[in-house]
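Student: Just passing along the structure, written as structure tokens.
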Amino acid sequence: MALPQWELFALRYATVARKPQENFIGAGADPHETASHMDYFVWFARHEGDVVLVDTGFTAQAAAQRKRQFLRCPMASLNQAGITLTDIGDTIITHAHYDHAGNIEQLPFTRFHLQAREMQYATGPEMRHPFMRHAYDVEDVCGLVRANHQERVVFADGDAEIRPGITVHWVGGHTQGLQIVRVHTRNGWMVLASDAAHYLENLHRRAPFPIVYHVGDMMRGFDRVLSLAETPEHIIPGHDPITSSSFKRVGPEGLDLFDLTVRI
């Protein structure tokens, strides 16, 4: 049986100014270069009324605490895009950092798909170190723990199929349990790299992002991302503004919603 061809979308909800040396370990980042930007996205795949959400973003409160420019609530924006939150049966959490696992309470009926080692990491002894826990929000982590007690978390150990044509794959590196998402579309297999590649430049230059649990796993993760994508152009980085300039804007006016199967 042929695999479904999923529609795939990115929704931008926040941004922040960054300098190049904040985005790369080594590899010749010039501290005198002008600031770049880091964009924040959630993603979703849709096929015949079925919607699988990938990550849940953060709140206005988190944006204020971390000095991010909050453009819009990602959950409210999903409603604007025609997605009813209570109808989302499955949500993939690539990892539990604050910008990927907020707003959990707004999805009371979804099943969350998470790597087991990510939950172990986010609730384990490494969190006593400020460097390790800096990008986690304890309330977001507790939200996932509550969902687990409600039997709404599905744990993966490596590779797993969420739907025919949607799979997750552990890569680690950025966090102990980071996973990437492979989606079969009309253009072939696309990979939502999440924070396995914050920017395409991290991947192409083999220059790791500075927030990292295991540099070796991050480097091997670059190869894993490339091996799962149909071509390098089928890779969607986690935070790169290039997404907004490379794909067709769709949906209601004022909504930063992009169809990842239509390049411009």
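The values are calculated or read from the model by the stated rules, or taken from the named source; none is laboratory data. Bear in mind that the values here come from a model prediction, so they are computed numbers and not experimental data. FYI the Cβ positions are ideal-geometry reconstructions off the backbone, even for glycines, and counts take in every protein chain you see.
Student: Would you please list the contacts, defined by Cβ atoms under 6 Å and residues six or more apart or on different chains, that run from a residue in segment 237-249 that is in contact (Cβ under 8 Å) with a residue 24 or more places away in the chain to a residue that is hydroxyl-bearing (Ser, Thr, Tyr)?
Tutor: 237/199; 238/194; 240/199
To keep it simple, each residue is scored yes or no on (1) within 21 Å of residue 47 (Cβ to Cβ); (2) touching a strand residue (DSSP E or B) at 6+ places or on another chain (Cβ under 6 Å); (3) without any contact (Cβ under 8 Å) to a residue 40 or more places away in the chain.
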| site | (1), (2), (3) |
| --- | --- |
| 181 | yes, yes, no |
| 185 | yes, yes, no |
| 188 | yes, no, no |
| 197 | no, yes, no |
| 234 | yes, yes, no |
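Student: Considering segment 119-145 alone, what residues qualify as being assigned to a helix (DSSP H, G or I) and surrounded by fewer than 17 Cβ atoms within 10 Å (Cβ to Cβ)? Lay out the reasoning, then the answer.
Tutor: Step one: of segment 119-145, the residues assigned to a helix (DSSP H, G or I) are 119-122, 125-128, 130-133, 138-145.
Correct list: 120, 125, 126, 127, 128, 130, 131, 133, 138, 139, 142, 145.
Student: Restrict the check to segment 248-259 and report whether at least one residue is closer than 30 Å to residue 133 by Cβ and out of contact with any helix residue (DSSP H, G or I) (no Cβ under 8 Å at 6 or more places or on another chain).
Tutor: The answer is no; no qualifying residue exists.
Student: Counting just the residues of segment 7-56 that are among the aromatic types (Phe, Trp, Tyr) and more than 23 Å from residue 153 (Cα to Cα), which one comes out modelled with the lowest pLDDT? I'd like the intermediate steps shown before the answer.
Tutor: Of all residues in segment 7-56, those among the aromatic types (Phe, Trp, Tyr) come to 9, 13, 24, 40-41, 43-44.
Now restrict to residues that are more than 23 Å from residue 153 (Cα to Cα): 9, 13, 24, 40.
Working: 9: 98, 13: 98, 24: 90, 40: 98.
Filtering segment 7-56 for residues that are among the aromatic types (Phe, Trp, Tyr) and more than 23 Å from residue 153 (Cα to Cα), the one modelled with the lowest pLDDT comes out as 24.
Student: Go through the residues of segment 152-167 one by one and say whether even a single one is part of a loop (DSSP other than H, G, I, E, B) and of a type in the set (D, E, K, R).
Tutor: Scanning segment 152-167, I find at least one residue that is part of a loop (DSSP other than H, G, I, E, B) and of a type in the set (D, E, K, R), so the answer is yes.
Student: Looking at segment 197-224, which of its residues are surrounded by 15 or more Cβ atoms within 10 Å (Cβ to Cβ) and either among the β-branched types (Val, Ile, Thr) or in contact with a Ser or Thr (Cβ under 7 Å, 6 or more places away or on another chain) (or both)?
Tutor: 211, 212, 213 - these are the residues of segment 197-224 that are surrounded by 15 or more Cβ atoms within 10 Å (Cβ to Cβ) and either among the β-branched types (Val, Ile, Thr) or in contact with a Ser or Thr (Cβ under 7 Å, 6 or more places away or on another chain) (or both).
Student: Still on this structure: Search segment 98-127 for residues that are at positive phi and pair each with any residue that is in a loop (DSSP other than H, G, I, E, B) when their beta-carbon atoms are under 7 Å apart and the residues are at least 6 apart or on different chains.
Tutor: As it stands, the answer is 103/56; 103/57; 103/59, since those pairs meet every condition given.
Student: Name the pairs whose Cβ atoms lie under 8 Å apart, with the first residue in segment 128-150 and within 15 Å of residue 66 (Cβ to Cβ), the second assigned to a helix (DSSP H, G or I), and 6 or more positions between them or separate chains?
Tutor: Pairs that qualify, where the first residue is within 15 Å of residue 66 (Cβ to Cβ) and the partner is assigned to a helix (DSSP H, G or I), are 133/126; 133/127; 136/122; 136/127; 137/62; 140/104.
Student: Next question, about the same structure. Could you list all residues from segment 183-196 that are part of a strand (DSSP E or B) and buried (at least 19 other Cβ atoms within 10 Å of the Cβ)? First the steps, then the outcome.
Tutor: Here is the first cut: in segment 183-196, the residues part of a strand (DSSP E or B) are 183-185, 188-194.
Scanning segment 183-196 gives 183, 184, 185, 190, 191, 192, 193, 194.
Student: Collect the residues in segment 66-115 that are among the hydrophobic types (A, V, I, L, M, F, W, C) and under 15 Å from the mean Cα position of the chain (by Cα), keeping them in residue-number order. Break it down into steps so the answer makes sense when it comes.
Tutor: Filtering segment 66-115 down to residues among the hydrophobic types (A, V, I, L, M, F, W, C) leaves 70-71, 73, 75-76, 78, 81, 83, 85, 88, 92-93, 96, 101, 104, 107, 109, 112, 114.
Across segment 66-115, the qualifying residues are 75, 92, 93, 96, 101, 104, 112, 114.
Student: Taking segment 217-231, which residues are touching a residue at least 40 places away in the same chain (Cβ under 8 Å) and either in a helix (DSSP H, G or I) or within 9 Å of residue 203 (Cα to Cα) (or both)?
Tutor: Within segment 217-231, 217, 218, 219, 220, 221, 224, 225, 228 meet the criteria.
Student: Something else: So for segment 200-207 (the condition being without any contact (Cβ under 8 Å) to a residue 40 or more places away in the chain and farther than 29 Å from residue 130 by Cα), does at least one residue qualify? Can you show your working first?
Tutor: Looking only at segment 200-207, we keep the residues that are without any contact (Cβ under 8 Å) to a residue 40 or more places away in the chain, and these are 203-204.
Filter once more, keeping what is farther than 29 Å from residue 130 by Cα: 204.
Within segment 200-207, one or more residues are without any contact (Cβ under 8 Å) to a residue 40 or more places away in the chain and farther than 29 Å from residue 130 by Cα.
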